[in-house]
Amino acid sequence: MRIELDLQTVQGSIRDIPDFPKPGVVFKDITPLLADPAAFSTAVDAIVVSYGRGKIDKVVGIEARGFIVAAPVAYHFGAGFVPLRKAGKLPYDTISETYELEYGSETLEVHADAFKAGERVLIVDDVLATGGTAKAACNLVEHSGATVAGLAFVIELEFLKGSARLDGYDYVSLLQY
Ligand code: AMP
């Protein structure tokens, strides 16, 4: 799903960093976006209007940049915020999901009591790349007994075809590359 909003300010505030964190990767740096009040509020508003107020119970932010975008989205919805973190960071009982990366694997965790059964959850991250992280987040929400109402990303790297991993889920990306 794409939404029609004036996202020029958002687009203009994304900084490309070639060869970070490794050669061949163009890192999409959102720190200029976060530092620009108009761009930040527009990005948050664009996600909020994509999903209706009152329809989301919890907003999940994926460590670490996902936290920054997800928290104000949750506030606008009047929803709770749930952090999804790398292994070993959460203090209470967790459930975890391990998924493959291009090199090696990654584990994400969420607190075992983060969701009530049937809650409607929106998953938020800065970038949709291969979709492995987003799919792992969906699995964690569903293994917790909650429902994935949708996903939202500031940036989608379409050439990495992450959308294929999100087949059957409703998702929105504000900018596509
Ligand atoms: P993936 O699991 O491949 O979809 O990767 C998504 C995760 O990696 C997100 O949490 C992003 O923050 C990060 N990521 C992947 N590629 C990039 C990129 N080119 N620029 C910035 N962040 C990225």
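What follows is calculated from the coordinates using simple rules that are stated; it is not laboratory data. Since we're looking at a predicted model, the values are computed, not measured. Neighbour counts are summed over all protein chains in view; Cβ atoms, including those assigned to glycine, are modelled from backbone coordinates with ideal geometry.
Screening the candidates V110, V127 for the property of being crowded, with 19+ Cβ neighbours inside 10 Å and without any contact (Cβ under 8 Å) to a residue 60 or more places away in the chain yields one hit, V110.
What are the residues in region 100-115 that are within 13 Å of the ligand (Cβ to nearest atom) and at negative phi, if any?
E100, L101, E102, Y103, S105, E106, T107, L108
Take T133 and tell me if it is surrounded by fewer than 21 Cβ atoms within 10 Å (Cβ to Cβ) and not aromatic (F, W, Y). Considered against the rule, which asks whether it is surrounded by fewer than 21 Cβ atoms within 10 Å (Cβ to Cβ) and not aromatic (F, W, Y), T133 comes out as no. Being within 13 Å of the ligand (Cβ to nearest atom), part of a strand (DSSP E or B) and over 26 Å from L33 (Cα atoms) is the requirement here; does E97 meet it? The answer is yes for E97.
Scanning region 36-65 for residues that are surrounded by fewer than 14 Cβ atoms within 10 Å (Cβ to Cβ), among the charged types (D, E, K, R) and either within 14 Å of I155 (Cα to Cα) or free of Cβ contacts under 8 Å to residues at least 60 places away in the same chain (or both) returns a single hit, R53. Looking across region 66-84, the residues that are within 12 Å of the ligand (Cβ to nearest atom) and surrounded by fewer than 19 Cβ atoms within 10 Å (Cβ to Cβ) come down to F67, I68. Any idea which residue in region 148-173 is farthest from I47 (Cα to Cα), counting only those that are surrounded by 14 or more Cβ atoms within 10 Å (Cβ to Cβ) and away from the ligand (no atom under 14 Å from the Cβ)? The residue in question is V148.
Selection within region 118-145: residues that are away from the ligand (no atom under 14 Å from the Cβ) and assigned to a helix (DSSP H, G or I). The member of this set that is farthest from the chain's Cα centre (by Cα) is H143. Does Y75 fit the bill of being more than 15 Å from L151 (Cα to Cα) and either free of Cβ contacts under 8 Å to residues at least 12 places away in the same chain or within 17 Å of the chain's Cα centre (by Cα) (or both)? Yes: the conditions hold for Y75.
Taking the criterion of being of a type in the set (V, I, T) and either on the phi > 0 side of the Ramachandran plot or assigned to a strand (DSSP E or B) (or both), the residues of region 56-94 that qualify are V59, V60, I62, V82, T94.
Going residue by residue through region 19-35, is there one that turns out to be in contact with a strand residue (DSSP E or B) (Cβ under 9 Å, 6 or more places away or on another chain), in contact (Cβ under 8 Å) with a residue 60 or more places away in the chain and either surrounded by fewer than 13 Cβ atoms within 10 Å (Cβ to Cβ) or closer than 25 Å to K116 by Cβ (or both)? No, region 19-35 contains no residue that is in contact with a strand residue (DSSP E or B) (Cβ under 9 Å, 6 or more places away or on another chain), in contact (Cβ under 8 Å) with a residue 60 or more places away in the chain and either surrounded by fewer than 13 Cβ atoms within 10 Å (Cβ to Cβ) or closer than 25 Å to K116 by Cβ (or both).
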